[in-house]
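Remarks on the structure that follows.
The values are calculated or read from the model by the stated rules, or taken from the named source; none is laboratory data. Only a predicted model underlies this, so the values are computations on that prediction, with no experimental measurement involved. Here the Cβ positions follow ideal geometry from the backbone for every residue, glycine too, while neighbour counts run over all protein chains shown. Protein only, heavy atoms only, side chains kept; ligands, DNA and RNA dropped before computing areas. Shrake-Rupley method; radii C 1.70, N 1.55, O 1.52, S 1.80 Å.
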Amino acid sequence: HSFLRSHFFWRKHFQKSSIVEFFFLISGFLITYLLLREKSYTGTIHIGSFYLRRALRIWPLYFFVILISPFWFHYLNKSLPDYKWLVTFTSNYEVIYKHQWTSGLGHFWSIAIEEHFYLIWPVLILFVPFKRIPVLLTAIISLSILFRIFVGIYSQEMVNHVRLNTLARMDALAIGGV
C-alpha cells in the first residue's frame, strides 16, 4: 500500500515540480562545469572565491527581500515569517519541521537547497579525482532516489520531505553535473 501511494505521489509530484527540477538540473550543470574547468586549469578550486562569487550573486537580492518583508507583510496585514529559518538558508526544513507553510516567503525553500548545494559541491569536486567524478555523481543520484523511496515508505510527512529535503533534491543537481 505504501509503495502504491508513493508511486502515485511521484507522478503527481513530478508533474508539479518539473520546472524546479529543471532549474536544479541547469544549476548543477553550470556549477559543476565551472568547478571542473577551474580545477582543470589551476589544479585546484579556490573555495573561498567560489563562495564569495555565489554570495555576491544571490545574497544582495535575497537579503533585500528579507529586509523589506516586514513592511510588505505589515501592509498586507500578514504575520511575519520566522526569520531565523530564512537567514540561515534552512527555510526548506522549517516547512518539514512545522508541517506547514508558514510565511509568504515559503518559496525561498529552493534557494535554501541551492545554498546547501553551493556549500558542499566545491569541496566534493576539489577532493574527488577527475576520473572518479562520474562515480560520485552516480552515488549522489542513487542516494537521493533511495532517500525519497525510504521517506515515501516510512514517513508520515512524505510530501514535505520529498519536495523540500535537500537530500531528496540532490539528484537533479547531480544529473546536471553529468
Quiz item: Considering the chain as a Gaussian network with a 10 Å cut-off on Cα pairs, which listed residue, Leu126, Leu76, Leu52, attains the greatest mean-square fluctuation?
Solution: Leu76
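Rounded to the nearest 0.05, what FRET efficiency do Leu146 and Leu119 give with R0 = 22 Å and r taken as the Cβ-Cβ distance? Could you check? Numbers along the way, then the final one.
Values: r = 22 Å, r/R0 = 1.00.
Efficiency at R0 = 22 Å is approximately 0.50.
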Self-check item: Å² of accessible area per residue within the range 96-141, as computed with a 1.4 Å probe and no ligands counted
Solution: 52
Quiz item: So between Phe130 and Leu56, what do we pick up on full extension, going 0.36 nm a residue minus the alpha carbon distance?
Solution: 23.8 nm
Quiz prompt | Lys pairs under 29 Å by Cα in the chain, provided they are eight or more residues apart or on distinct chains | solution = 7
Quiz item: Translational D (Stokes-Einstein, µm²/s) of the range 75-178 at 4 °C and 1.567 mPa s when Rh comes from the Kirkwood sum over C-alpha pairs?
Solution: 87
Quiz item: Among Ser155, Trp72, Ala174, whose Cα sits farthest toward the positive end of the charge dipole of the chain (+1 at Cβ of Lys/Arg, -1 at Cβ of Asp/Glu, about the Cα centre)?
Solution: Ala174
Exercise. Name the residue, out of His107, His161, His116, whose mean-square fluctuation peaks in a Gaussian network model built on the chain with Cα pairs under 10 Å.
Key: His107
Practice problem: Compute the distance in nm between two label points, each set 7 Å from the Cα along the Cα-to-Cβ direction, one at Gln100 and one at Ser40. | Solution: 5.1
Practice problem: Considering only Leu56, Leu35, Leu124, give the residue with the highest GNM mean-square fluctuation for the chain, with springs between Cα atoms whenever their separation is below 10 Å. | Solution: Leu56
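With a 1.4 Å probe and every protein chain kept in, tell me what percent of the accessible surface of the range 37-178 is carbon plus sulfur.
Values: 5560 of 8140 Å².
The nonpolar share, carbon plus sulfur, comes to 68 percent.
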Quiz item: What number, rounded to the nearest 500 deg cm²/dmol, is the helix-based mean residue ellipticity at 222 nm of the chain, given -39500 (n - 2.57) per DSSP H run of at least four residues and division by all its residues?
Solution: -27500 deg cm²/dmol
Exercise. May I ask you to give the solvent-accessible area per residue for the range 44-84, in square angstrom, as obtained with a 1.4 angstrom probe?
Key: 76
Quiz item: Dipole magnitude of the chain about its Cα centre, charges +1 at Lys/Arg Cβ and -1 at Asp/Glu Cβ only, in debye to the nearest 20?
Solution: 260
